[in-house]
Structure formats: structure tokens, C-alpha cells
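Visitor: Please see the structure below; I have some questions.
Please treat every number below as a calculation from the coordinates, not as lab data. Owing to the predicted nature of the structure, the values given are computational and were not obtained by experimental measurement. When we count neighbours, we look across all protein chains shown, and the Cβ atoms used for this are built from the backbone with ideal geometry, even at glycine.
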Amino acid sequence: MSTQLATNTPAAPPSYEIPKIARFGSLGVVAILMVAFPVVFSNPTVTTIGVFAMIYLVSVTGWNIFSGYSGYIALGHAVFFGIGQYATAMLASYWNITPGWQTFLLIPVSMVLAGIAAVPIGFMLLRVRKHTFIVLTIALMFIFQLFAYNFRSWTGGSQGLEMTPPSWSGDIFNMPFYYVGLGLSVIALLTSWVVRRSKFGLGLLAIRDDEDRARSLGIKTTQTKLIAFVISAVFLGAAGALYAPFVGSVYPQFSFDPAFDLSLAVMAFTGGLGTLLGPSVGALVIASAQQYFLLTFGGANVFLIVYGVLFILILRLLPGGVVPALSMQWQHHVVRRERRKLESEPQQEGVAKQ
Amino acid sequence: MLIAQAVLEGVLVGGFYALMAAGLTLVFGVMDIVNFAIGALIVLGAYLSYTVNVHLHLDPFVSLFITTPIMTVLGFAIYWFLIKPIKTDRVVMSLLTMFAVATLIEGVLDLTFNSGLVQIHASYINNSLKIGGLNFPLIYVLSFLLSAFLLAMLFLVTYRTKFGRSLRASMQNPVAARLVGINTDKVSGITLAIGIGMAAVGGMIFGTTNAFNAASSYDLISRLLVIVILGGFGSVGGALVSAIFMLVVQDVVSVVWSPVWGSTTFYVILIVVLLVRPQGLFGKKGVRAQ
Amino acid sequence: MRLLEVENISKSYGGIKALQLCTMNFTEGAINGLIGPNGSGKTTLFNVITGYEQPDSGSVRFRGKDITSATPDEVFAAGIGRTFQLTRIFPRLTVLENVHIGAQRPGLLSQMRSWSTADERERAIESLDFVGLTRLSREPAGSLSYGQQKLLEFAFIMVARPKVMLLDEPAGGVNPSLLKHLGGRIKELNKEGVTFIIVEHDMEFVMELCDQVSVMHQGSALREGTPAEVRNDPAVLEAYLGTDMTEAK
């Protein structure tokens with residue numbers, strides 16, 4: 001009944017996929033390393049870097065679920081990071097939470113609050129075209145910054161809010177934060193994986209490629225985008241809820257910080273926007289580097305310069321990101337290997353033509 | 001009276017924002033890119049005028065003869081090396097690139113000049129004319145006149161010159177424009193160069209009327225974006241109306257209520273407009289395209 | 001009740017009257033050709049039928065239901081699929097994923113979160129098999145040749161089992177052997193009961209494939225009939241100003 005198109009591809013194309021053993025093996029190794037990290041490198045300076053790396057890992061993975069998969073680059077997700085921070089600080093004082101393990105219970109609460117906030121925000125923002133959307137997310141962030149400065153009775157204005165640090169001893173202080181962060185990252189990655197493989201994820205990817213065509217084929221684009229938006233906001237809220245007790249204070253300019261949004265974008269793009277693992281790799285590498293430099297050199301303006309240049313370079317030279325580029329290299333390697341195999345087996349089944 | 005004064009200042013300052021917003025929306029209309037770096041570029045222009053003013057002791061208006069050519073060339077260079085090579089997804093990629101450029105410029109400025117607030121001085125800065133009971137600060141009046149003059153020049157160039165025809169053709173239909181022999185790359189490059197050259201002027205105006213530092217770019221860009229969104233991307237008339245309107249409202253609210261609420265109204269208006277008419281006051285209601 | 005009724009559709013853009021009181025009679029169950037000189041309004045008519053454009057006046061009824069103001073996804077869900085002159089596929093998704101999108105049953109919220117069902121996967125593979133692209137299932141759609149992309153578009157429309165398929169210049173830019181393959185697929189699907197309306201400039205393709213041909217001129221219907229009738233009609237020849245029509249035998 002079916003007629004196959006004659007194509008020039010050989011009968012069985014070589015498998016381009018990295019063999020499963022290598023893939024799961026390397027993931028396993030990475031997982032073990034990450035769990036053992038604070039135990040092995042117990043220097044608090046190093047583990048502080050680790051905690052920040054986890055915070056960014058959760059943030060970037062969550063951000064990628066929306067911006068990476070749908071193509072709507074949101075440059076204002078600092079809003080949800082800030083909501084997470086402020087919610088945690090305000091609730092901790094309002095409910096008289098004992099500093100320490102109990103504070104972590106506020107993380108799910110902040111996640112829910114961030115998610116709830118994301119619904120009307122997303123609904124409003126997703127009605128416009130892509131470029132206006134991007135610009136609006138930035139404007140949104142400034143709006144929230146303004147509110148944080150001005151609703152002084154709630155947010156403490158420019159004095160910010162304080163959170164009493166837990167009374168853990170100095171050498172293991174960072175470890176609970178690190179492991180909670182690691183746990184959140186695992187949840188974020190799992191969510192990203194589930195989304196990617198589901199029909200919902202397929203809808204997002206279709207929207208990224210051609211939104212109108214997707215809509216004409218029955219995909220409920222507004223609903224799909226909104227749900228992804230809310231999911232990403234939830235993870236940013238979680239990151240904020242981890243950040244606030246760790247740093248101990250919440251200020252408007254650091255909660256709603258354009259540099260934070262920039263770093264999310266740079267990390268995700270460098271790693272590979274819209275891929276599953278790319279942004280996580282980008283986050284781990286760049287966030288660690290960022291914290292290391294901040295601790296060693298200080299000075300926010302150097303960051304802006306470095307990030308600016310890095311972003312320009314990535315956008316110009318490798319807009320797909322590093323991880324997909326590496327995977328392309330692997331594919332080329334496989335092709336070359338297969339070709340060498342064919343060439344070294346002369347006159348086999350008349351496959352080789354002049 | 002106080003309100004009348006506020007309206008007046010809103011109009012005068014609005015002229016500056018109108019000029020900058022016109023450049024921003026024109027660049028979008030011709031090239032489909034959002035020049036997100038305009039805020040940082042204005043601050044760069046301000047610092048350039050400041051440096052010339054401090055080291056060469058030139059009047060700020062005179063300094064423009066130095067700063068404007070520098071920034072115009074910079075604008076062309078940005079187009080040629082960063083924007084022109086973009087092949088896919090122009091709008092988003094160019095926006096992100098300009099976002100990166102803005103960050104870079106801000107970082108460089110902060111590193112070079114530190115975060116102390118400065119302002120460009122001229123002997124007549126604090127003079128003002130008193131007409132009909134209203135106070136016309138001289139510097140605002142001069143700036144407004146300069147902005148109005150440049151906007152008029154922009155209008156003349158766009159509607160009365162051959163280049164302007166090419167510009168309008170590229171705006172309406174880039175493919176067709178290329179088919180009739182218009183070098184759309186050159187047109188785009190020149191348009192961006194003009195937009196950024198105007199930022200030099202804007203920088204001087206901004207620098208003389210405000211105390212600024214590198215971080216001032218955030219406030220500028222967020223306001224300009226709101227103005228352009230409100231006016232509708234691509235509509236120069238919309239940008240003009242919206243700039244004057246927003247500034248007048250902001251100033252009146254600042255006076256009647258408080259300066260903080262003045263800034264907030266800016267954004268509140270944005271939200272209201274978005275809910276009611278997402279394409280802006282004068283924007284085209286298109287099918288949601290890529 | 002006819003399957004698809006297009007009555008007195010008018011559509012103007014500024015001063016240009018793209019469609020003027022256009023009434024078309026498409027034969028149900030047949031392969032209908034829609035031809036006409038450039039600018040006669042064929043693509044505009046397709047846009048109106050499928051909800052990409054709203055007519056100024058007139059109505060479109062599908063199975064008795066008025067779909068004049070329906071949006072593209074509503075039209076698709078009702079059972080009318082449409083391809084585009086310049087293929088619109090999802091370049092970064094694989095061929096199989098492209099077809100999956102059309103295979104989804106719209107509507108149920110729960111569907112959005114779950115994996116694709118076995119039934120949908122089966123239909124997607126069946127579709128790909130039908131057009132002959134199975135071998136390329138895992139390739140990104142953007143890497144396909146133009147002709148292959150046309151087949152892909154065909155596949156992801158047909159997977160939703162539409163009652164009517166509107167094909168906008170399917171032969172454009174396609175090589176002869178692939179064209180023959182496509183023609184075969186259209187005939188095959190038509191035997192299963194799908195009505196086709198094909199806009200085309202390639203006269204040989206239209207004449208060979210279509211049971212009925214409608215000719216449009218200046219925004220309205222000029223003639224309808226079998227290929228043979230239309231081919232020799234003097235009014236039609238005049239409308240084309242003696243170009244393609246007189247060259248075809």
C-alpha cells in the first residue's frame with residue numbers, strides 16, 4: 001500500500017547517538033561528584049561557590065523550561081527570584097520561624113506564591129508579540145524593583161529585610177544549603193525532562209518554530225505558554241527562597257536585578273538554550289566562575305563587561321550553545337569513522353559508487 | 001499654577017524623550033531590531049560630553065561637534081559588526097545582542113568613571129525665563145528647541161530626500177526595496193548610525209539636566225521602552241505623542257501626589273494599555289508573527 | 001447539504017478587491033482544481049475558508065455549520081486541513097515529531113501533560129509511511145529538501161483525517177518524479193473519501209489529476225466544469241490572455 005521515496009541514504013544509517021553506557025555512565029559520575037562535593041572540598045569558601053552554583057542551576061533550568069523550549073526569551077524572571085526572596089523573609093518574620101532547617105519549609109510556600117503571581121503576569125505578557133514580550137519582561141522587572149523600594153512598610157524599602165542566619169557552625173554551615181539546592185536542582189531537571197518528552201513539550205517546541213502554524217494545527221498556544229511560564233516561575237521562586245536565608249538579607253536592587261536576568265540568559269545560551277542539559281552545564285560552569293571571581297576580585301562592573309562580551313561572542317559565534325556544538329562534533333566524528341570503515345572495505349556488495 | 005508648571009516641564013522634558021523614542025522606533029521600523037542599548041548609549045553620550053566639558057572646557061552644546069561624530073561612527077560599527085551578520089530570528093537575536101552591548105557599555109562606564117553622580121555644568125544652567133508667571137528653565141528650553149530642531153530635520157530627511165525614500169521603502173517592504181536596487185544594508189547602517197548619533201545629543205541634554213552615573217541607563221531604557229510600546233513599535237508619530245503624554249502625566253502626578261508615584265504611573269499606564277490594546281496606541285494590529 | 005459552501009465572499013484590501021461576490025461549488029468526494037491567473041484571488045479564498053482572513057461579506061459553511069468567523073485551529077478541528085505555498089513545517093523538530101503535532105486530539109487538558117498515546121503514534125507513523133518519508137523520521141524537518149517538506153506538510157495535515165484538504169500550489173518547485181508520487185498519494189487518499197481542493201498553476205498536473213476544475217478571475221468564479229470543458233472554454237482562455245492555456249494541448 002505504501003510507496004517509499006527513493007532516497008540516496010544508505011540502507012542503515014549509523015547511529016549518531018552517544019552510546020547509552022557513556023551517557024548514563026557520565027551522568028552517574030557527575031551525580032556522585034556533586035553529592036560528594038561539600039564533603040570532599042570542605043573549605044567554606046569553596047562550598048559557598050557550590051551553593052551559589054546550585055541556586056543558579058535551579059534558576060537556569062527552570063528558566064529554560066519556558067524561554068528555551070518556547071523561544072520567548074524572558075528577561076525579567078528576576079521578578080520571581082525576588083518574590084521568592086521577599087516571601088521567605090517576610091513569612092519567616094511573620095510566622096516566627098526558627099532559623100535553620102525550618103526555614104527550608106518556606107521554600108515550597110515561596111514556590112507556590114511565585115507560581116500564583118506568575119498567572120496574571122504571564123497572562124498579561126503573553127498577549128503580545130515576541131519582541132514586545134521580551135521588552136515587557138524587562139519593564140516588569142523595573143516595576144517590581146520600584147514597588148520593592150516604595151512599599152516600605154512591607155519590604156523595608158532600600159533598607160531591605162534581614163533574615164537571622166541559622167546557628168550552624170562555620171565549617172558545615174553551607175552544607176544544608178548545598179544539599180537542599182542540589183535536591184531542588186534534581187527536581188528542576190526531572191521536570192525539564194518530563195516536559196521535554198511530553199506532548200506539552202512538543203507543543204512548546206512547535207511554538208518556538210512557528211507559533212501560528214502550531215496554533216492552526218490545534219495547539220492551544222496561550223495555555224501552553226502560560227503553563228510553561230508558571231512552571232519556570234515556580235523554580236525561580238524556589239531559588240530565591242534558598243538565596244534569602246543563605247545571604248541573610250533581601251534588598252530591592254539585588255532581588256530584582258537586571259544583572260541576574262542577564263546571567264540567566266548568558267548561562268543558558270552558552271550551554272545551549274532549549275536543550276535539556278545545556279543550560280545546566282552553562283549554569284554550573286559560569287556560576288562557579290562568577291562566584292570565584294566575585295570572591296577574589298569583587299567589583300560588579302567587571303562582571304558586566306565580561307558578561308556583555310561573552311554574550312556578544314556566544315550570540316555571534318555559537319548561538320546554539322556549547323553542548324549542541326559538542327554533540328555536532330560527535331556526529332561528525334561518527335560520520336568520519338563510518339566513512340573510513342567503508343573506504344577500508346573495498347568492493348563490498350557494490351555499495352561504493354564512483 | 002503648580003500643575004501648569006508641571007505640564008510645562010513635562011512638555012519640555014518630553015521633547016528629549018520624544019527625540020530618543022523617535023530614533024528607537026525608527027530603527028525598529030526600518031531594521032526590525034529593538035536598540036536596547038539606547039539607554040546605555042545616551043549615558044555614554046552624557047559621559048563623553050562631560051569629559052569634553054571638564055577637560056577641554058567646552059560648552060556642552062559645542063561639545064556635540066565632537067561627541068556626535070564619534071557616536072555616529074560607533075553606531076555604524078555596531079550595525080556592521082554585530083547586527084548585519086545576524087541571519088536568523090533577527091528581532092530576538094538583535095535584541096539580545098543590544099542587551100549585551102548595553103551591559104558592556106554600562107560596565108565600561110562604571111569602571112572608568114566610578115559610581116559617583118556627576119552632572120555637566122554650564123554657566124547658564126540655572127537661569128530661567130519667566131513668562132506669564134511660569135518658570136522656563138533655560139537649559140530645558142534650549143534642549144527642547146534642539147530636540148524639536150532635530151526631529152524636524154529627521155522629518156525632512158525621511159520625507160523629502162532620496163535617502164528618506166529608501167528608508168521608507170525599506171520600512172514597508174525590505175524585499176521589494178532590495179529588488180528595486182536599494183542597498184538595505186547601507187540604509188540600515190545609516191539609520192542606526194543616525195539613531196546613535198542622536199543619542200549623543202540626547203546624552204548631552206540628559207547630562208546637563210540630570211545628575212547621572214552608569215546605572216542611570218536602566219531608568220532611561222525602561223522609560224523609553226514604555227514610551228515606544230505605548231506609541232506602537234514603528235510609529236514615529238506614536239512615539240512623539242506618547243513621550244509628551246507620559247512625561248506630562250508623570251510630572252503632574254509627581255507634583256500632585258509625590259515623585260515616587262510619578263514614576264509608578266509610568267508603569268501603571270503601561271499595564272493598563274497592555275490590557276486594553278496590546279499593540280500600543282498607534283501600532284499596527286498584526287497577526288502574531290514570528 | 002453540500003460539504004463546503006462558499007457563498008458571495010467579498011474581501012478588499014484598501015482599494016484592491018481581492019474577492020468579489022465569489023461563490024464556489026466544490027464537488028464533494030472529488031479532486032477539485034482551482035485555477036486562475038495571478039491575482040485572481042485563489043490564495044485569498046483559501047485564507048478566508050481556513051480562517052486566516054475574515055471576509056468583508058459572504059459566508060462559508062462546512063457540513064451546514066457556518067465557519068466564516070472561525071479561527072484557523074477551529075477550522076482544522078472541524079475537518080479542513082490546509083497546506084501553504086511556501087511550506088510551513090517545524091524545522092527544528094524531527095519529521096516524526098512534526099507529524100505528531102497534527103496527530104494530537106485537541107481539547108482535553110489532560111492530554112497536554114501525558115506522553116503521546118499509542119493510537120496517536122500509530123497514526124503518525126502510518127501517515128509518514130503513506131507519503132513515503134518513514135526513512136527520514138528522525139531527521140530534523142529543516143534538513144529535508146523542498147519537495148520532501150511538501151510531502152511532510154501533506155502528512156501532518158492528513159494525519160488528523162480531515163474531510164477536506166486544501167492544497168496551495170503543491171506542485172510548485174517540485175521535481176517531476178516527486179510530483180508523480182504526490183499525485184499518486186492524492187488519488188489514493190481521495191479514494192478513501194477525502195475531498196481535495198487544489199490551487200495550481202501547473203496545468204498538466206491539474207488536468208491529469210482533477211475531476212472538476214473551477215476557474216477564478218478577478219476575485220470571482222468564472223467557470224466550472226470538467227478539465228476538458230474548462231480547457232477549451234473561450235472565456236477562460238481569454239482570462240489567461242492566451243498564455244498557459246493555449247500552450248497546453
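Visitor: In degrees between 0 and 90, to the nearest 10, how far off the longest principal axis of chain A does helix A:106-125 point, with axes built from Cα atoms?
Guide: 70
Visitor: A follow-up question, please. How high is the FRET efficiency from B:ASP185 to B:ILE70, r the C-beta distance, R0 25 Å, rounded to 0.05?
Guide: The value I calculate is 0.65.
Visitor: What length, rounded to one decimal in nm, is gained on full extension from C:ALA30 through to C:ASP211, with 0.36 nm per residue of separation minus their alpha-carbon distance?
Guide: Details: separation 181, 0.36 × 181 = 65.16 nm, distance 0.61 nm.
So the extension gain works out to 64.6 nm.
Visitor: Using alpha-carbon pairs under 8 Å, 6+ residues apart, how would you state the relative contact order of the stretch B:63-173 in percent?
Guide: Result for the stretch B:63-173 is 9 percent.
Visitor: Shifting gears a bit: Where in the stretch C:10-32 does the label zone of C:GLN85 land, with the point 7 angstrom along Cα→C-beta and an amide N cut-off under 11 Å?
Guide: What the label zone holds, given the 11 Å backbone N cut-off, is no residue at all.
Visitor: Given an 8 Å cut-off on Cα distances and at least 6 residues of separation, report the relative contact order of chain A as a percent.
Guide: 31
Visitor: Taking a cut-off of 22 Å between Cα atoms, list the lysines near B:LYS162, but don't count ones fewer than 8 places away on the same chain.
Guide: Leaving aside lysines fewer than 8 places away in the same chain, those within reach of B:LYS162 are B:LYS186.
Visitor: Also, quick follow-up: Which value, in debye to the nearest 20, gives the size of the charge dipole of the protein assembly as shown about its Cα centre, when Lys and Arg are +1 and Asp and Glu are -1 at the Cβ?
Guide: So the magnitude is around 200 debye.
Visitor: Turning to a different aspect of this structure: With a point put 7 Å past each Cα toward its Cβ, work out how far C:LYS187 is from A:LEU33 in nm, to one decimal.
Guide: 6.1
Visitor: Taking a cut-off of 20 Å between Cα atoms, list the aspartates and glutamates near C:LYS187, but don't count ones fewer than 8 places away on the same chain.
Guide: Leaving aside aspartates and glutamates fewer than 8 places away in the same chain, those within reach of C:LYS187 are C:GLU28, C:GLU126, C:ASP129, C:GLU153, C:ASP168, C:GLU169, C:GLU200, C:ASP202, C:GLU204, C:GLU208, C:ASP211.
Visitor: What is the helix-to-structure angle for B:60-78, meaning the angle in degrees between its Cα long axis and the longest Cα principal axis of chain B, kept from 0 to 90 and rounded to the nearest 10?
Guide: 30
Visitor: So, one more: Which of rounded, prolate or oblate describes the stretch B:133-215 when judged by the alpha-carbon gyration tensor and an a/c cut-off of 1.5? Write down the numbers at each step before the final one.
Guide: Values: a/c = 4.38, a/b = 2.16, b/c = 2.02.
Verdict is prolate for the stretch B:133-215.
Visitor: For the stretch B:8-157, give the magnitude of the charge dipole about the Cα centre (Cβ charges: +1 Lys/Arg, -1 Asp/Glu; no others), in debye to the nearest 20.
Guide: 200
Visitor: Could you give the semi-axes, largest first, of the ellipsoid that matches the protein assembly as shown, computed as the square roots of 5 times the alpha carbon gyration tensor eigenvalues and rounded to whole Å? It would help to have the intermediate numbers written out before the result.
Guide: On the way: eigenvalues 521, 295, 131 Å².
For the protein assembly as shown, the ellipsoid semi-axes come out as 51, 38, 26 Å.
Visitor: For peptide A:125-137, what's the mean number of Cβ atoms from other chains within 10 Å of each residue's Cβ?
Guide: Average per residue, whole number: 6.
Visitor: Which length gain, in nm to one decimal place, applies between B:LYS162 and B:ASN127 when the Cα-Cα distance is subtracted from 0.36 nm times their residue separation?
Guide: Details: separation 35, 0.36 × 35 = 12.60 nm, distance 4.17 nm.
The B:LYS162-B:ASN127 span can extend by a further 8.4 nm.
Visitor: Turning to a different aspect of this structure: Quick one: work out the % antiparallel among DSSP beta bridges in the protein assembly as shown, nearest 5.
Guide: 60
Visitor: What FRET efficiency, computed as 1/(1 + (r/R0)^6) with R0 = 22 Å and r the Cβ-Cβ distance, is obtained for A:SER93 and A:TRP168, rounded to the nearest 0.05?
Guide: That pair, A:SER93 with A:TRP168, gives E of 0.65.
Visitor: Mind ranking A:238-245, B:157-164, C:34-41, A:318-325 by how tightly packed they are, going by the mean number of other C-beta atoms within 10 angstrom, highest first?
Guide: On the way: A:238-245: 29.5, B:157-164: 12.9, C:34-41: 21.1, A:318-325: 17.5.
Going from most to least packed, we get A:238-245, C:34-41, A:318-325, B:157-164.
Visitor: Taking the Cα centre of each part, how many Å lie between the stretch A:248-279 and the stretch C:15-35?
Guide: Answer, in whole Å: 53.
Visitor: In the stretch A:259-311, what chymotrypsin sites (Phe, Trp or Tyr not before Pro) fall in a loop by DSSP, with at most 12 other Cβ atoms inside 10 Å?
Guide: For chymotrypsin sites (Phe, Trp or Tyr not before Pro) across the stretch A:259-311 that sit outside H, G, I, E and B with at most 12 neighbouring Cβ atoms in 10 Å, the list is empty.
Visitor: Got a sec? Charge dipole of the stretch B:147-290, +1 on Cβ for Lys and Arg, -1 for Asp and Glu; which of B:GLY231, B:THR208, B:PRO174 is way out at the positive end?
Guide: B:PRO174
Visitor: Label-point separation (nm) for A:PHE41 and C:HIS201, each offset 7 Å from Cα along Cα-to-Cβ?
Guide: The modelled label-to-label distance comes out at 6.3 nm.
Visitor: Then there is this: Using unit Cβ charges (K, R positive; D, E negative) and no other charged atoms, how large, in debye to the nearest 20, is the dipole of the stretch A:162-240 about its Cα centre?
Guide: The dipole magnitude comes to about 500 debye.
Visitor: Quick one: order A:SER67, A:SER26 by neighbouring beta-carbon count within 10 Å, fewest to most. Mind showing how you got there, number by number?
Guide: Numbers: A:SER67 28, A:SER26 11.
Ranked by crowding around the Cβ, least crowded first: A:SER26, A:SER67.
Visitor: Are there GluC sites (Glu not before Pro) in the stretch C:1-48 that DSSP marks as loop and that have at most 15 other Cβ atoms within 10 Å, and which are they?
Guide: C:GLU28
Visitor: Right, here's the next one. For peptide A:197-208, compute the average count of partner chain beta-carbon atoms within 10 Å of each residue's beta-carbon. Each step should come with its number before you reach the end.
Guide: On the way: counts 2, 6, 12, 5, 2, 9, 3, 0, 5, 7, 1, 5.
That works out to 5 on average.
Visitor: Could you tell me whether the stretch B:1-85 comes out rounded, prolate or oblate from its Cα gyration tensor? Rule is a ≥ b ≥ c as square roots of the eigenvalues, rounded for a/c under 1.5, then prolate if a/b exceeds b/c, otherwise oblate. It would help to have the intermediate numbers written out before the result.
Guide: Values: a/c = 3.14, a/b = 1.22, b/c = 2.58.
Oblate is the answer for the stretch B:1-85, as a/c is 1.5 or above yet b/c matches or exceeds a/b.
Visitor: May I pose another question? Against the longest principal axis of chain C, how steep is helix C:118-131, in degrees 0 to 90 to the nearest 10, with axes from Cα atoms?
Guide: Value to nearest ten degrees: 50.
Visitor: Now for a different question. What whole number of Å gives the distance from the Cα centroid of the stretch B:213-241 to the Cα centroid of the stretch A:129-155?
Guide: The stretch A:129-155 and the stretch B:213-241 have Cα centres separated by 15 Å.
Visitor: I want to check the label-to-label distance for B:THR112 and A:PHE293. Put each point 7 Å from Cα in the C-beta direction and report it in nm to one decimal.
Guide: 2.0
Visitor: List the longest stretch of chain A that has no exposed loop site; here a site is one of the GluC sites (Glu not before Pro) assigned by DSSP to anything other than H, G, I, E or B, with at most 14 other Cβ within 10 Å. Can you show the working numbers first?
Guide: Details: sites that count: A:GLU17, A:GLU349.
Answer from the scan: A:18-348.
Visitor: Another one. Taking each residue of B:220-227 in turn, how many C-beta atoms of other protein chains fall within 10 Å of its C-beta, and what is the average?
Guide: Details: counts 0, 5, 10, 2, 0, 7, 5, 0.
Partner Cβ neighbours, averaged per residue: 4.
Visitor: A follow-up question, please. Just tell me which lysines come within less than 16 Å, Cα to Cα, of A:LYS341; anything on the same chain fewer than 8 places away is out.
Guide: Straight-distance partners of A:LYS341: A:LYS353.
Visitor: Rounded to the nearest 0.05, what FRET efficiency do A:GLN253 and A:LYS20 have when you use their Cβ-Cβ distance and R0 = 41 Å?
Guide: That pair, A:GLN253 with A:LYS20, gives E of 0.30.
Visitor: Order of A:45-55, C:46-56, C:201-211, B:196-206 by packing, highest average Cβ count within 10 Å first?
Guide: Highest mean packing first, the order is B:196-206, A:45-55, C:46-56, C:201-211.
Visitor: Next question. Relative to the present Cα-Cα distance, how much length would full extension add between A:GLN331 and A:GLN102 at 0.36 nm per residue of separation?
Guide: Separation in residues times 0.36 nm, less the Cα-Cα distance, equals 77.6 nm.
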